[in-house]
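Enquirer: Pasting a structure here, questions to come.
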Amino acid sequence: MAIQLPFDTIGRDSLRLWARWLAAALRNDARRWLRPGADPTPAFPAQFLIGVTYKCDSRCSHCNIWANYLQQPETASQEMTPAEFERFLDRNPQLIQIATTGGEQFNRDDIADFWLALDRRGHRTGCATNAIETDRIIEREGSLLPRLSGRHLRHFGVSLDGVEAVHDRIRGIPGNFAHAWRLFQWAREQEQRYPFYRAEISSTLTAANYRDFPALVEWLVSQGVPPNKVAFMGALPSAHYYRNVKTCKPVTARDELAGIIEELRRKHPGFGQNYFTESYLQWLRDPASGVTCVAGTAFGYIDPYWNVYPCLVLDRKLGNLREFDFDVRKLWRSPAARQFRAELAAKPCTLCFNECNRWQSMRASLGGLAKIAWRQAGRVLRADRDSQRRWRM
Ligand code: SF4
Ligand code: SF4
């Protein structure tokens, strides 16, 4: 077996992240052991998902973010600015990982400013895109890539929820499948030019399409897409983020979905070969198993107006960072945040695994990091440049 030590660009980036998570988990575990019941150490929060815009030109059936500004157009002007984002980054140097989300992020004319600000401070960047304005996305992504430092992974996910008509029906945009496929092929070409770049297909599974998912994977593989480039997540209802409580139809046949994923893993080596999928399968069979969620402790979600939530799903606003001078540690120690943590500790939440953020809880303790290391060990040592999730932290 070929052994390749992970000292390429992305390997170094991943080792740096591992070291930072290890230090944060060590500090937090030590505090928990020495002072049971104590609030988190200054090492936490360590991770945020940030919705930089709710602008979206899609018409998805499983997500109503696209309806936000049709219903309340006046709120669009209240979205965060790049200057505020820079202030947030400077006020919170302890944050280990920050990921941006939308809406359709490319619908912001200034989206590059957000990603360049992250890159300058040593963070990874990335997005998932609906591919609707294909030419504009290619133009914006194409001009961003040479401006990035090249020292941190950039992830580019193209959303595909089925083959041809299945995708177009779910997304509500005729012809979107063809656009998404063209965009993904373009992104694959960029991988050859930029060693830090990783393109993948990202699929959202609902009751309306999970049985079509194997056909999508088969089609992608028949087109030469490596199976490890196909990622998925399940849709969940969320009042404050997806705003889809009435319309979302999550997969309820958990065993059947687990069977579908396991069959794909058997049939297509590389598909779902990561701790993320393995933990998800465990959660499908037993939601209470695996990992205790530490939303509101180690990680949280920030919406485009700087409202802070524990995660994408729980409709529990903890405060607004504009009122805390963008210092999340101050907000984290507010009565509202403390109260949330106490309630979560008393009644652990098992609503999700990979749909929102619970899987990230694994990084917040030494035990969780050991689990990740164990599940990833074989893949870490194998040379497999395409396996972008190999290093996923
Ligand atoms: S899933 Fe993405 S593309 Fe679809 S409405 Fe939501 S934000 Fe827009
Ligand atoms: S399990 Fe999921 S929904 Fe529940 S608090 Fe954690 S991240 Fe949020």
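The values are calculated or read from the model by the stated rules, or taken from the named source; none is laboratory data. Bear in mind that the values here come from a model prediction, so they are computed numbers and not experimental data. Note that we place each Cβ from the backbone using ideal geometry, even for glycine, and neighbour counts take in every protein chain shown.
Enquirer: Checking I96 against (1) free of Cβ contacts under 8 Å to residues at least 12 places away in the same chain; (2) in contact with a strand residue (DSSP E or B) (Cβ under 8 Å, 6 or more places away or on another chain), only one condition comes out false. Which one?
Expert: With (1) free of Cβ contacts under 8 Å to residues at least 12 places away in the same chain; (2) in contact with a strand residue (DSSP E or B) (Cβ under 8 Å, 6 or more places away or on another chain) applied to I96, the lone miss is (1).
Enquirer: Restricting to region 194-240, name every residue that is in a strand (DSSP E or B) and in contact with a Pro (Cβ under 9 Å, 6 or more places away or on another chain).
Expert: Within region 194-240, L205, G234 qualify.
Enquirer: May I pose another question? Restricting attention to region 57-96, report how many residues are of a type in the set (G, A, S) and surrounded by fewer than 18 Cβ atoms within 10 Å (Cβ to Cβ). Break it down stepwise before answering.
Expert: First, pick out the residues of region 57-96 that are of a type in the set (G, A, S): 58, 61, 67, 76-77, 83.
Going one step further and asking which of them are surrounded by fewer than 18 Cβ atoms within 10 Å (Cβ to Cβ), we end up with 67, 76-77, 83.
Qualifying residue count for the region: 4.
Enquirer: Report, by residue number, each residue of region 325-358 that is assigned to a loop (DSSP other than H, G, I, E, B) and either touching a helix residue (DSSP H, G or I) at 6+ places or on another chain (Cβ under 6 Å) or of a type in the set (K, R) (or both).
Expert: The answer is F326, D327, R333, K347, C352, F353, N354.
Enquirer: Kindly indicate whether T129 is within 16 Å of ligand 2 (Cβ to nearest atom) and either at pLDDT 95 or above or over 26 Å from L205 (Cβ atoms) (or both).
Expert: no
Enquirer: Given V230, V294, which one is crowded, with 22+ Cβ neighbours inside 10 Å, in contact with a helix residue (DSSP H, G or I) (Cβ under 8 Å, 6 or more places away or on another chain) and without any contact (Cβ under 8 Å) to a residue 60 or more places away in the chain?
Expert: Answer to the selection: V230.
Enquirer: Filter region 143-171 for residues that are part of a helix (DSSP H, G or I) and either buried (at least 20 other Cβ atoms within 10 Å of the Cβ) or within 14 Å of ligand 1 (Cβ to nearest atom) (or both) and give the result.
Expert: H167, D168, R169, I170, R171
Enquirer: Scanning for something closer than 29 Å to S365 by Cβ, loosely packed, with under 14 Cβ neighbours inside 10 Å and in contact with a helix residue (DSSP H, G or I) (Cβ under 9 Å, 6 or more places away or on another chain), does region 41-50 turn up at least one residue? Talk me through it step by step, then tell me what you get.
Expert: Taking region 41-50 and keeping what is closer than 29 Å to S365 by Cβ, we get 41-50.
Among the residues that remain, those that are also loosely packed, with under 14 Cβ neighbours inside 10 Å are: 42.
Still in the list and also in contact with a helix residue (DSSP H, G or I) (Cβ under 9 Å, 6 or more places away or on another chain): 42.
Yes, there is a match, as at least one residue in region 41-50 is closer than 29 Å to S365 by Cβ, loosely packed, with under 14 Cβ neighbours inside 10 Å and in contact with a helix residue (DSSP H, G or I) (Cβ under 9 Å, 6 or more places away or on another chain).
Enquirer: Let me ask something else about it. Which ranges mark the helices (runs of 4 or more DSSP H) fully within region 26-122 that have 1 or more residues being of a type outside the set (S, T, Y) and away from ligand 1 (no atom under 16 Å from the Cβ)?
Expert: Values: elements: 68-71, 82-91, 111-120.
Per the criteria, 82-91, 111-120.
Enquirer: Further question: Filter region 192-207 down to residues that are in contact with a Lys or Arg (Cβ under 8 Å, 6 or more places away or on another chain) and either modelled with pLDDT under 95 or buried (at least 18 other Cβ atoms within 10 Å of the Cβ) (or both), then give me how many there are. Talk me through it step by step, then tell me what you get.
Expert: Going through region 192-207, the residues in contact with a Lys or Arg (Cβ under 8 Å, 6 or more places away or on another chain) turn out to be 194, 196-201, 206-207.
Next, only the ones that are either modelled with pLDDT under 95 or buried (at least 18 other Cβ atoms within 10 Å of the Cβ) (or both) stay: 196-201, 206.
Qualifying residue count, region 192-207: 7.
Enquirer: Next question. Would you check which residues across region 287-324 are aromatic (F, W, Y), part of a strand (DSSP E or B) and at pLDDT 95 or above and list them?
Expert: Y301, Y309
The rows are residues; the columns are (1) away from ligand 2 (no atom under 16 Å from the Cβ); (2) within 29 Å of Y309 (Cα to Cα); (3) at pLDDT 95 or above.
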| site | (1), (2), (3) |
| --- | --- |
| A235 | no, yes, no |
| G270 | yes, no, no |
| Y275 | yes, yes, no |
| E278 | yes, yes, no |
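Enquirer: Within region 14-58, can you find the residues that are acidic (D, E) and at pLDDT 85 or above?
Expert: D29, D57
Enquirer: If you go through region 251-268 one residue at a time, how many are assigned to a loop (DSSP other than H, G, I, E, B) and either within 14 Å of ligand 1 (Cβ to nearest atom) or more than 23 Å from the chain's Cα centre (by Cα) (or both)?
Expert: 2
Enquirer: Determine which single condition L369 fails, assuming it passes every other condition in (1) on the phi < 0 side of the Ramachandran plot; (2) away from ligand 2 (no atom under 12 Å from the Cβ); (3) hydrophobic (A, V, I, L, M, F, W, C); (4) not in a helix (DSSP H, G or I).
Expert: Evaluating L369 over (1) on the phi < 0 side of the Ramachandran plot; (2) away from ligand 2 (no atom under 12 Å from the Cβ); (3) hydrophobic (A, V, I, L, M, F, W, C); (4) not in a helix (DSSP H, G or I) leaves (4) as the failure.
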